[in-house]
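The values are calculated or read from the model by the stated rules, or taken from the named source; none is laboratory data. Everything numeric in this text was worked out from a predicted model, so none of it was measured. Neighbour counts are summed over all protein chains in view; Cβ atoms, including those assigned to glycine, are modelled from backbone coordinates with ideal geometry.
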Amino acid sequence: MVEENENNSAEFMDAKKEMDKLVYESLKDQEIKPNAVFAKLSELTKAFPLTKGIVNWSRKNSLWPMQFGLACCAVELMDFGAARIDAERKGYLLFRGTPRQCDVMIVAGWVTKSMVPEVKRLYEQMSKPRYVVAFGECATCGGPWWESYNIIKGIDEVLPVDVFVAGCPPRPENLFAALMKLQKKVGGSIED
Amino acid sequence: MSIVRINVGPVHPSTHGVIRLVVDVDGDTVVNIEPHIGMLHRGVEKLAETRMYMQIPPYTEKLDYMAPMSYDEAYVATVEAAMNITVSERAQYVRVILLELQRIASHLLSVGFFCNDLGQMFTGFMWAFKDRDIILDLLQEAAGSRMFYVNMRLGGLREDLPADFEDHVLQTMNYMEKRIPEYVNYLEKNPVFIERTKGVGVLTREDAKQLGVTGPVLRASGVNYDVRRNNPYYVYSKLQFTPKVLQEGDNFARYKVRMLEIQESIRLIRSAIKLLPEGDAKGLPIKLRSPNPVNRISIVNRELPRGECMMYLVADPQKPYRLSIRSPNFINLAAINHLAKGGRFADLFSTLGSLDLVMGCVDR
């Protein structure tokens, strides 16, 4: 009986693998052939290497930031979207309410330990390719709260950051410069 | 019908800060609201115990990031009370001018966010930010920075006002006076705005007293209380300040009180500039050793844009033993369950916007 039980557990372990395999195979049958309309952009660039430039160009000119503010820097983030700076003129469309429509996450403000899981979850919900801008001192290195017991010292401990913006808080123009730098990176003219 | 539990947040839709609300609804009617706070907690009071006196203003400023100058002043006034330092007369006038400018900027923001809370009325939001930027330019001229100033020193300010500052302020006040009727025209003739604010989230006079709410929320419920009049500091009694009080206690009254306070602030700034005496507004420069405090315990209360703030300081030589802050936002947040219970779920955000919370101040 004991042996059987062991066998059962082993089978159960295998069952998960088998299930994955089955799912994978069933998907394999339904795989969509490269199609000009419904293909993933990565497949398109693989099939036609010449389109890579077009894809990068279109990506870099429609960076959609997420409406995600944590603390003081969020006020400057909103100023960035408001009338004086007018982020939309460069293609950073009005801040989106859902992470699934966004390309850029601007972490504005200090990140507490209780907020880390939420920030991570929002990042994981964004569609690839996704970029992170650490906006302000608190998101860069902890800022004035670096001695506090409830703050993580920089969002780069949790997420991969593309651009850091210095200042407490940075001026909205500074964020503009950061996003233009990010555009260059997305467009391929800067290597990481 | 069974009760459904809905989670709102932790990222608040209009980014007053990070708050999580657990809302129980019966159909579309709110039965109970449980606010979960602490998402922005960073231990300001504890950090203050490890810093010297004039190292703390950058921390207290970041409590209420919509009106940093007010908290800056509230903390420095507490230290001045502990050290028995008197503020020169010119510095008192200059502080009143800067505080009232900050109040206008803060109230404009609150009106703009309120429009945003009511469902993407983005015109109000854009207007508010545009006008706030003009005020911030003035503050930048006086203090050297856009949002966080650290401009107050013991017994005065970091620097006296720059040349031509008074003219710039008067010009801006003329401009603001023209703008206010435009806001009023746009918002108070808007049927959507009226529908979603009038008669929603009513707080009666008795309940307001019981809940201990402060600031515009209290004054919108018909209680005539303002620290600037009841316990006047600096030169507010000379400027003949009168609080703005409305009786209705609904969301519209809370918005209207802020609009009236902007007009009152414009009047205060004008008369303060008219009476501005000659002299020196400079305070003590920040040095390694500050003067030692004389009083062990000092308590100071101030009327911030969001309500009455109280600072309690137990002083040790060179650094505080304990700094405790009575935050107006924390107490106003406590009223949300009372206000939104029994209303529609969609009106919850209208009510939350009218309270004008800053979560950085709630969590501390």
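Each row is one residue, and each column tells you yes or no for (1) closer than 29 Å to B:R132 by Cα; (2) outside any loop (DSSP other than H, G, I, E, B); (3) among the acidic types (D, E); (4) within 11 Å of chain A (Cβ to nearest Cβ).
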{"site": "B:L40", "(1), (2), (3), (4)": "yes, no, no, yes"}
{"site": "B:T50", "(1), (2), (3), (4)": "no, no, no, yes"}
{"site": "B:D64", "(1), (2), (3), (4)": "yes, no, yes, yes"}
{"site": "B:S70", "(1), (2), (3), (4)": "yes, yes, no, no"}
{"site": "B:Y75", "(1), (2), (3), (4)": "yes, yes, no, no"}
{"site": "B:R90", "(1), (2), (3), (4)": "yes, yes, no, no"}
{"site": "B:R95", "(1), (2), (3), (4)": "yes, yes, no, no"}
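From (1) away from chain B (no Cβ under 14 Å); (2) farther than 23 Å from B:G360 by Cβ, pick out the condition that doesn't hold for A:L159.
With (1) away from chain B (no Cβ under 14 Å); (2) farther than 23 Å from B:G360 by Cβ applied to A:L159, the lone miss is (2).
Look at B:V184 and say whether it is part of a helix (DSSP H, G or I), surrounded by fewer than 22 Cβ atoms within 10 Å (Cβ to Cβ) and either over 23 Å from the mean Cα position of the chain (by Cα) or not basic (K, R) (or both). Before the answer, list the steps.
On the way: part of a helix (DSSP H, G or I): yes; surrounded by fewer than 22 Cβ atoms within 10 Å (Cβ to Cβ): yes; either over 23 Å from the mean Cα position of the chain (by Cα) or not basic (K, R) (or both): yes.
Against the criterion (part of a helix (DSSP H, G or I), surrounded by fewer than 22 Cβ atoms within 10 Å (Cβ to Cβ) and either over 23 Å from the mean Cα position of the chain (by Cα) or not basic (K, R) (or both)), B:V184 qualifies.
Among the residues of the range A:103-117, how many are crowded, with 19+ Cβ neighbours inside 10 Å and within 13 Å of chain B (Cβ to nearest Cβ)? Give the steps one after another, and end with the answer.
Residues of the range A:103-117 crowded, with 19+ Cβ neighbours inside 10 Å: A:103-112, A:115.
Okay, now just the ones that are also within 13 Å of chain B (Cβ to nearest Cβ), so A:105-112, A:115.
Matching residues across the range A:103-117 total 9.
Out of the residues in the range B:122-142 that are buried (at least 19 other Cβ atoms within 10 Å of the Cβ) and away from every other protein chain (no Cβ under 14 Å), state the one that is nearest to B:M176 (Cα to Cα).
Filtering the range B:122-142 for residues that are buried (at least 19 other Cβ atoms within 10 Å of the Cβ) and away from every other protein chain (no Cβ under 14 Å), the one nearest to B:M176 (Cα to Cα) comes out as B:L138.
Which residues, taken from the range A:148-164, are aromatic (F, W, Y) and not in a strand (DSSP E or B)? Steps first, answer last, please.
First, pick out the residues of the range A:148-164 that are aromatic (F, W, Y): A:149, A:164.
If the condition is that a residue be aromatic (F, W, Y) and not in a strand (DSSP E or B), then A:Y149 is the only one that fits.
Please indicate, with yes or no, whether at least one residue in the range B:302-324 is of a type in the set (D, E), under 20 Å from B:N230 (Cα atoms) and in contact with a Gly (Cβ under 8 Å, 6 or more places away or on another chain). Steps first, please.
In the first step, residues of the range B:302-324 are kept if they are of a type in the set (D, E); the result is B:303, B:308, B:316.
Now drop any that are not under 20 Å from B:N230 (Cα atoms), which leaves B:303, B:308.
So of that shortlist, the ones also in contact with a Gly (Cβ under 8 Å, 6 or more places away or on another chain) come out as B:303, B:308.
There is at least one residue in the range B:302-324 that is of a type in the set (D, E), under 20 Å from B:N230 (Cα atoms) and in contact with a Gly (Cβ under 8 Å, 6 or more places away or on another chain).
Find all pairs meeting these conditions: Cβ atoms under 9 angstrom apart; at least six residues apart or on different chains; first residue within the range B:228-244 and free of Cβ contacts under 8 Å to residues at least 12 places away in the same chain and over 16 Å from B:L276 (Cα atoms); second residue among the aromatic types (F, W, Y) and surrounded by 15 or more Cβ atoms within 10 Å (Cβ to Cβ).
Pairs that qualify, where the first residue is free of Cβ contacts under 8 Å to residues at least 12 places away in the same chain and over 16 Å from B:L276 (Cα atoms) and the partner is among the aromatic types (F, W, Y) and surrounded by 15 or more Cβ atoms within 10 Å (Cβ to Cβ), are B:P232/B:F241.
Which residue is nearest to the other protein chains (Cβ to nearest Cβ), if the candidates are limited to the range A:118-144 and must be basic (K, R) and touching a residue at least 24 places away in the same chain (Cβ under 8 Å)? Even if it seems obvious, please write down each step before you answer.
We begin by selecting, within the range A:118-144, every residue basic (K, R); these are A:120-121, A:128, A:130.
Add one more test, that the residue is touching a residue at least 24 places away in the same chain (Cβ under 8 Å), and what stays is A:120, A:130.
Working: A:K120: 13, A:R130: 17 Å.
Within the range A:118-144, the match that is nearest to the other protein chains (Cβ to nearest Cβ) is A:K120.
Can you pull out the residues in the range B:53-64 that are surrounded by 24 or more Cβ atoms within 10 Å (Cβ to Cβ) and within 22 Å of B:D356 (Cα to Cα)?
B:T60, B:E61, B:K62, B:L63, B:D64
From the residues in the range B:273-322 that are of a type in the set (A, V, I, L, M) and part of a loop (DSSP other than H, G, I, E, B), which one is surrounded by the fewest Cβ atoms within 10 Å (Cβ to Cβ)? Reasoning before the result, please.
Here is the first cut: in the range B:273-322, the ones of a type in the set (A, V, I, L, M) are B:273, B:275-276, B:281, B:284, B:286, B:288, B:294, B:297, B:299-300, B:304, B:310-311, B:313-315.
Next, only the ones that are part of a loop (DSSP other than H, G, I, E, B) stay: B:276, B:281, B:284, B:286, B:288, B:294.
Numbers: B:L276: 18, B:A281: 23, B:L284: 14, B:I286: 15, B:L288: 6, B:V294: 12.
My answer is B:L288.
Out of the residues in the range B:18-36 meeting the condition of being more than 10 Å from chain A (Cβ to nearest Cβ) and surrounded by 18 or more Cβ atoms within 10 Å (Cβ to Cβ), tell me which one is farthest from B:G360 (Cα to Cα). Break it down into steps so the answer makes sense when it comes.
Filtering the range B:18-36 down to residues more than 10 Å from chain A (Cβ to nearest Cβ) leaves B:19, B:21-35.
Now restrict to residues that are surrounded by 18 or more Cβ atoms within 10 Å (Cβ to Cβ): B:19, B:21, B:23, B:25, B:30, B:33, B:35.
Numbers: B:I19: 10, B:L21: 16, B:V23: 22, B:V25: 28, B:V30: 26, B:I33: 20, B:P35: 15 Å.
Filtering the range B:18-36 for residues that are more than 10 Å from chain A (Cβ to nearest Cβ) and surrounded by 18 or more Cβ atoms within 10 Å (Cβ to Cβ), the one farthest from B:G360 (Cα to Cα) comes out as B:V25.
For B:L357, state whether it is closer than 29 Å to B:V192 by Cβ, within 14 Å of chain A (Cβ to nearest Cβ) and either under 17 Å from the mean Cα position of the chain (by Cα) or part of a strand (DSSP E or B) (or both).
Working: closer than 29 Å to B:V192 by Cβ: yes; within 14 Å of chain A (Cβ to nearest Cβ): yes; either under 17 Å from the mean Cα position of the chain (by Cα) or part of a strand (DSSP E or B) (or both): yes.
Spelling it out, B:L357 is indeed closer than 29 Å to B:V192 by Cβ, within 14 Å of chain A (Cβ to nearest Cβ) and either under 17 Å from the mean Cα position of the chain (by Cα) or part of a strand (DSSP E or B) (or both).
Given the criterion touching a Gly at 6+ places or on another chain (Cβ under 7 Å) and of a type outside the set (D, E), identify the matching residue among B:K62, B:K46. Walk me through how you get there before you give the answer.
On the way: B:K46 fails: touching a Gly at 6+ places or on another chain (Cβ under 7 Å).
When all the criteria are applied, what remains is B:K62.
Here's the yes/no breakdown for (1) at pLDDT 80 or above; (2) among the basic types (K, R); (3) more than 21 Å from the chain's Cα centre (by Cα):
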| residue | (1), (2), (3) |
| --- | --- |
| A:N61 | yes, no, no |
| A:M66 | yes, no, no |
| A:C73 | yes, no, no |
| A:E76 | yes, no, no |
| A:R84 | yes, yes, yes |
| A:K90 | no, yes, no |
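Please state which one of B:A67, B:A105 is at pLDDT 90 or above, within 24 Å of B:R229 (Cβ to Cβ) and not charged (D, E, K, R).
On the way: B:A67 fails: at pLDDT 90 or above.
Going through B:A67, B:A105 in turn, the sole match is B:A105.
Please enumerate the residues belonging to the range B:143-181 that are more than 14 Å from chain A (Cβ to nearest Cβ) and without any contact (Cβ under 8 Å) to a residue 60 or more places away in the chain.
Result: B:P162, B:A163, B:D164, B:F165, B:D167, B:H168, B:Q171, B:T172, B:N174, B:Y175, B:K178, B:P181.
Please pick out the residue among A:E88, A:E147 that is more than 9 Å from every other protein chain (Cβ to nearest Cβ), out of contact with any strand residue (DSSP E or B) (no Cβ under 9 Å at 6 or more places or on another chain) and of a type in the set (D, E). Write out each step before concluding.
On the way: A:E147 fails: more than 9 Å from every other protein chain (Cβ to nearest Cβ).
Exactly one residue qualifies, and that residue is A:E88.
Looking only at the range A:128-175, filter to residues that are surrounded by fewer than 17 Cβ atoms within 10 Å (Cβ to Cβ) and under 20 Å from A:W57 (Cβ atoms); which one of those is modelled with the lowest pLDDT?
A:K128
Looking at B:I6, B:I85 in this structure, which one is surrounded by fewer than 22 Cβ atoms within 10 Å (Cβ to Cβ), touching a residue at least 12 places away in the same chain (Cβ under 8 Å) and part of a strand (DSSP E or B)?
Values: B:I85 fails: part of a strand (DSSP E or B).
Only one candidate qualifies: B:I6.
Quick check, is B:V96 among the hydrophobic types (A, V, I, L, M, F, W, C), closer than 22 Å to B:P216 by Cα and touching a residue at least 60 places away in the same chain (Cβ under 8 Å)?
Numbers: among the hydrophobic types (A, V, I, L, M, F, W, C): yes; closer than 22 Å to B:P216 by Cα: yes; touching a residue at least 60 places away in the same chain (Cβ under 8 Å): yes.
It is true that B:V96 is among the hydrophobic types (A, V, I, L, M, F, W, C), closer than 22 Å to B:P216 by Cα and touching a residue at least 60 places away in the same chain (Cβ under 8 Å).
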